[in-house]
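Engineer: The structure is given below, and queries will be raised subsequently.
The values are calculated or read from the model by the stated rules, or taken from the named source; none is laboratory data. On a predicted model such as this, the values are computed, not experimentally measured, just so you know. Heads up, the Cβs are rebuilt from the backbone with ideal geometry, glycines too, and the neighbour counts pull from every protein chain shown.
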Amino acid sequence: MSYSGLSLLGHAITGNRHWPAIIAAPDMRATYDIVIVGGGGHGLATAYYLADNHGLSNIAVVEAGWIGGGNTARNTTIVRSDYLLNSSFELKNFALGLWADLSRDLNFNLMYEPRGYVDLAHSDGELEHFTLRANAMRLGGADASILTGDALQARVPELDLSNGKRFPVSGALVQEAGGVVRHDAVAWGFARKASKAGIHILQNCPVTGFDIVKGRLNAVETTRGRISCKQAMISVAGASSHVAGLAGVDLPLNSINVQAFVTEPVKPALDAVVNYNAGLSYVSQTDKGEFVLGGATDGYGSFARRGSFERIEDVLARAMQMFPFLSRLRVMRHWSGTADIPMDGNAIMGPTPIQGLMINGGWGYAGFKATPAVGHQMAELLATGKTPALIAPFALDRFTSGTEQDDAGLGPYPWLH
C-alpha cells in the first residue's frame, strides 16, 4: 500500500486494526540470482536499487537478527559530506543529494532534516585546514562556509565561546545541507520498498558458511538451509571480518566499540549538529527533545557492544564545554555498536578474490551517512559486473597496490593505527 493522508484517516477510523505488514515473510527459495548477507541500511539499499534501477527481484536479503536491530539503529543519525579527499567527498556528497528525495521515492518518511553541521576548529592551524576543506567542497559543488566570532555565535547562539577554555574555539566549518535522518526509518523504508518489489527479506537467518569451488561462489549456507546463487554481497558492518572469514577472505580490519547516549528530553534548544574536534564530541537534539551525544571510538578491539565509562566521561566533558546547560540534564539511555575500521580509515567496497563474492565493509563510524550512495553503487556493480567510478578507489586490493584512501589522518601504515 501507499502511505497518504487518506490512508492514515481510513485506518484511524477503523481503529488501526487493518494495517498490512511492512515486510513480507516469504518461504526461502533454494536458488536466487543474488544473496545479500546483512539486512542493515546498506544491504537493504542495495536490494532496493537492484529492483528500482535494474529491474532485478530474484534476490534474497538474509539477516542474522531483525530489520533495524543492528548498526543502522546504533548510530547518531548524522549525514554530511564535509570531506577533503575527492573519493570520500564525492561518494558522501552523492549520498547527501539522494537523502533529500528518498522519503518521496520510498513513500516513507525518513525525517531528513538539513539543519546544518557545524564542525568546530580549536586553533588557527586547524581553522586553516578547515578553510582548505571548505574550498575543496565548494569546488566539488557542495555548500560550505567558514564562520568565526560573532557570525559563529549568531549561527549557534547556545555555544559557549567565552575565553579561558582548555580548547578555545577559533571558528567552524559549516555545511548547511548536513543534518540528521531517522536511522531506523531508513531500514524500514528500504526494506518495505524492496519487499514490495518481490525481494525476499529473511530475518533471523544467520549465514554459517559459503560453498566455494575452484575460487567461485556456488552457494551461501544459512541456518535455514543452503541457497544457491550466482552472486553474493557481504554487508554486515562490525561482523565483516567474521563473515568474510567464513569464505576464507582475510580483511584488514579492526573491530572496535563506538558509543552514543541521549539525555532526558527538554524543549528545543539546538537547531544544528555541532562537533567538538578536540577529542571528539558531537551533539544534536532530536524531535523528541533529547540531546544525542557521541564521540571517538573506545580505541581497543572488541565485539562486546558495550563501551567504557572513560569514553563517556570524555564525551560529556567536551559537550559541556560547548553547552554548559547540558550539565543540568540526566543521561537517559546509552548504547554501543561494533565498528570495523581499516588502517586508512575508509571503507572497502567491491569484488573479493572469490569470483561472485562482493564485500561492503570497513565503514567505521561513517557508514550511515553514505547509505543510499552505497546501495546505488553496489547495486550497479552487482547488476552489471562493472565497478562504478565512485567506489573504485575503495577496492580491497588498494592495500596491496599502495593506493590507500587516508581519511583517518594516520597514514597507510599498520603500525600507526
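Engineer: Would you check which residues across segment 260-295 are in a loop (DSSP other than H, G, I, E, B) and of a type in the set (A, V, I, L, M) and list them?
Structural biologist: Taking segment 260-295 and keeping what is in a loop (DSSP other than H, G, I, E, B), we get 264-272, 277-280, 286-290.
Scanning segment 260-295 gives Val266, Ala269, Leu270, Ala272, Ala278, Leu280.
Engineer: Within segment 241-253, is there a residue that is touching a Leu at 6+ places or on another chain (Cβ under 7 Å), crowded, with 19+ Cβ neighbours inside 10 Å, polar (S, T, N, Q) and not in a strand (DSSP E or B)? Before the answer, list the steps.
Structural biologist: Our first condition is that a residue be touching a Leu at 6+ places or on another chain (Cβ under 7 Å); within segment 241-253, this holds for 241, 244, 247.
In the following step, the residues that additionally are crowded, with 19+ Cβ neighbours inside 10 Å were identified as 241, 244, 247.
Filter once more, keeping what is polar (S, T, N, Q): 241.
When the remaining residues are screened for being not in a strand (DSSP E or B), the result is 241.
The answer is yes; a qualifying residue exists.
Engineer: Right, here's the next one. Could you go through segment 188-206 and let me know if any residue there is under 28 Å from the mean Cα position of the chain (by Cα), closer than 18 Å to Val79 by Cβ and either hydrophobic (A, V, I, L, M, F, W, C) or in a loop (DSSP other than H, G, I, E, B) (or both).
Structural biologist: Our first condition is that a residue be under 28 Å from the mean Cα position of the chain (by Cα); within segment 188-206, this holds for 188-206.
Pick out the ones that are also closer than 18 Å to Val79 by Cβ and you get 188-190.
So of that shortlist, the ones also either hydrophobic (A, V, I, L, M, F, W, C) or in a loop (DSSP other than H, G, I, E, B) (or both) come out as 188, 190.
Yes, some residue in segment 188-206 is under 28 Å from the mean Cα position of the chain (by Cα), closer than 18 Å to Val79 by Cβ and either hydrophobic (A, V, I, L, M, F, W, C) or in a loop (DSSP other than H, G, I, E, B) (or both).
Engineer: Going residue by residue through segment 9-24, is there one that turns out to be within 30 Å of Thr263 (Cα to Cα), in contact (Cβ under 8 Å) with a residue 24 or more places away in the chain and surrounded by 12 or more Cβ atoms within 10 Å (Cβ to Cβ)? Working first, answer last.
Structural biologist: Let us first name the residues in segment 9-24 that are within 30 Å of Thr263 (Cα to Cα), namely none.
Looking through segment 9-24, none of the residues is within 30 Å of Thr263 (Cα to Cα), in contact (Cβ under 8 Å) with a residue 24 or more places away in the chain and surrounded by 12 or more Cβ atoms within 10 Å (Cβ to Cβ).
Engineer: Output the residues belonging to segment 350-394 that are farther than 19 Å from His242 by Cα and part of a loop (DSSP other than H, G, I, E, B).
Structural biologist: Matches in segment 350-394: Ala366, Gly385, Lys386, Thr387, Pro388, Ala389, Leu390, Ile391.
Engineer: Which of the numbered conditions does Ser145 fail, given that it passes all the others? Conditions: (1) touching a helix residue (DSSP H, G or I) at 6+ places or on another chain (Cβ under 9 Å); (2) within 30 Å of Gly70 (Cα to Cα).
Structural biologist: (2)
Engineer: Where residues in segment 61-96 are outside any loop (DSSP other than H, G, I, E, B) and out of contact with any Ser or Thr (no Cβ under 9 Å at 6 or more places or on another chain), which of them is surrounded by the most Cβ atoms within 10 Å (Cβ to Cβ)?
Structural biologist: Ranking the qualifying residues of segment 61-96, first place goes to Ala73.
Engineer: Restricting to segment 101-147, and then to whatever is part of a loop (DSSP other than H, G, I, E, B) and among the polar types (S, T, N, Q), can you tell me which residue is farthest from Asn277 (Cα to Cα)? Reasoning before the result, please.
Structural biologist: From segment 101-147, those part of a loop (DSSP other than H, G, I, E, B) are 107-112, 114-116, 122-123, 140-144; that's our starting set.
Next cut, among the polar types (S, T, N, Q) only: 107, 109, 123.
Details: Asn107: 37, Asn109: 32, Ser123: 10 Å.
Ranking the candidates gives Asn107 first.
Engineer: May I pose another question? Which number in (1) under 30 Å from Val262 (Cα atoms); (2) part of a loop (DSSP other than H, G, I, E, B); (3) modelled with pLDDT under 90 marks the one condition that His334 misses?
Structural biologist: Only one criterion in (1) under 30 Å from Val262 (Cα atoms); (2) part of a loop (DSSP other than H, G, I, E, B); (3) modelled with pLDDT under 90 is unmet by His334, namely (2).
Engineer: Can you go through His200, His183 and tell me which one is modelled with pLDDT under 95 and surrounded by 21 or more Cβ atoms within 10 Å (Cβ to Cβ)?
Structural biologist: Answer to the check: His183.
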